[in-house]
Every structure is written in structure tokens, then in C-alpha cells.
Amino acid sequence: MLFEQRLWPGLADGSVTVTFRRWKRPRAAVGGSHRTPAGVLAVDAVAEVDPAAITEDDARAAGFGSLAALLAQLDRHGDGPVYRVDFHHAGADPREALRQADQLSEEELAGLRARLDRLDRAARDGPWAIATLRLIGDRPGVRAADLAAAAGRERPPFKADVRKLKELGLTESLEVGYRLSPRGRALLARAGSSRARE
């Protein structure tokens, strides 16, 4: 589940505990969890609801100033079923600490490069990992569609590959686009100096 940046503080401090989504079918499950920029959210309940039954208190719990504002946002997403998802903040995203770990030992650097090499070897269209990191480093905050076009790739597989880099703690998502994490910047700097020595 994606959340607007304005909601991140409320997700982190526990004042935002519910979201309403128009989905053809549920995209969250009780007992599941979702990683967000505000931390990990644990799903407590998922139910289809009648929009007419949503209250002002529900809207405030979802981070809206009024029920009208919440309903207006739902209306922008068509007229499909509305699902209510209740959740609680379950702690920091473990990738956050990893993203900040920029003091790479030779062993860590070799391990990361080996992981990226494996990703490159598994790709149908050839090596992409370091080139994608460099592209994000050069163009932080740029829409995924524009980055994909600059790389000569389709948006969905490009985004899927960026998620692989994020799992390694090398990138972070912004409200629009991405940026390199401190770990990602350190890797690129070391990779560049290694190549210069070769």
C-alpha cells in the first residue's frame, strides 16, 4: 500500500491507523505487513465497507481533515468496492538501518558486487544494476516512467528492478521517484574507484 508523504508522520506516531481503498479485490490481508517510508504497518483487519457508513472519526483516523475530503479522494479512484484496512505501526523498516550502513568493509563490498552481478546475469536484457544506480544518483526525485525511458526500458520491469536494489539497502523511494541511500552512494563511489584501479 502506498501512502501520501503528508501521512508518513501520522503513520509513524500511530495517529493514522486506517485507510480506505477502492480495489477490485483486497490487496491486504489480516496478519500481513507493509513496509512504508514511515516504518512497517501490521494489518489488523480488512473489510469491504459501504462508503455511506464511513464516519468523520474514520476520516480523521485515516489522516483526513474531513469526511468530505476522504470521500472526494475515493471518488477520484472510480466507483469500485471500498475496502477499509485497519493497521498499527509495528516498528522501523529494517532496510532503514541497512540504507544508512555506508561504511562498507571489503567483504561487504565484494558481497554486494556479487549480488549485483547475479542480478545482471539473470536479466534478459543484459546488465542493468550499476547503470540504474548511476541513473538514480544523477536524477533523484525523477518519475520512474522518465527514468525508465532514459534507460530505454519499460516502466514495470524497471520499477521491479529498482525494488531489488531497495531490498539491498541501496535506494530509497521518494513521493516522486527515488534517490540513492548512503549505502548506495558508498557502493558507487567504491565501485568507481575499483574500476579506476583496474
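What follows draws every value from the coordinates through simple rules; no lab data is involved. None of the values given here were measured: they were computed from a predicted structure. Here the Cβ positions follow ideal geometry from the backbone for every residue, glycine too, while neighbour counts run over all protein chains shown.
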**Message:** Would you report the distance distribution of C-alpha pairs in region 5-92 as whole percents per 10 angstrom bin, up to the bin with the largest distance?
**Reply:** 18, 51, 30, 1
**Request:** Give the shape of region 82-183 as rounded, prolate or oblate, defined through the alpha-carbon gyration tensor: a ≥ b ≥ c are the square roots of its eigenvalues, a/c under 1.5 means rounded, and otherwise the shape is prolate if a/b is larger than b/c and oblate if not.
**Result:** oblate
**Request:** Only loop residues by DSSP count here, and only those with at most 12 other Cβ atoms within 10 Å; note down the trypsin sites (Lys or Arg not before Pro) in region 86-145 that meet that.
**Result:** 124
**Request:** Can you check what the net charge comes to around residue 102, using other residues whose Cβ is under 12 Å from the Cβ of residue 102 (Lys, Arg +1; Asp, Glu -1)?
**Result:** +3
**Message:** Could you compute the net charge surrounding residue 38? Neighbours are other residues with a C-beta less than 14 Å from the C-beta of residue 38; K and R count +1, D and E count -1.
**Reply:** -3
**Request:** Go ahead and run the numbers for FRET between residue 53 and residue 27, Cβ-Cβ distance against an R0 of 30 Å, rounding to 0.05.
**Result:** 0.90
**Complete:** The whole-number value in µm²/s of the Stokes-Einstein translational diffusion coefficient for the chain, with Rh from the Kirkwood sum over alpha carbon pairs at 25 °C and 0.890 mPa s, is 130 µm²/s
**Item:** Sorted by Cβ neighbour density within 10 Å, fewest at the top, the residues 142, 49
**Value:** 49, 142
**Complete:** Pseudo-spin-label distance residue 125 to residue 185, built 7 Å along Cα→Cβ, given in nm, is 2.8 nm
**Request:** Report the label-to-label distance for residue 151 and residue 66 in nanometres (one decimal), using points 7 Å from each Cα along the Cα→Cβ vector.
**Result:** 4.3 nm
**Request:** Describe numerically, in nm with one decimal, the distance between label points set 7 Å from Cα along Cα→Cβ at residue 103 and at residue 90.
**Result:** 3.2 nm
**Message:** Ignoring everything except DSSP H segments at least 4 long, calculate the 222 nm mean residue ellipticity for the chain; use -39,500 (n - 2.57) per segment, divide by total residues, nearest 500.
**Reply:** -13500 deg cm²/dmol
**Asked** With contacts defined as alpha carbon pairs under 8 Å and 6 or more residues apart, what's the relative contact order of the chain in percent?
**Response** 21 percent
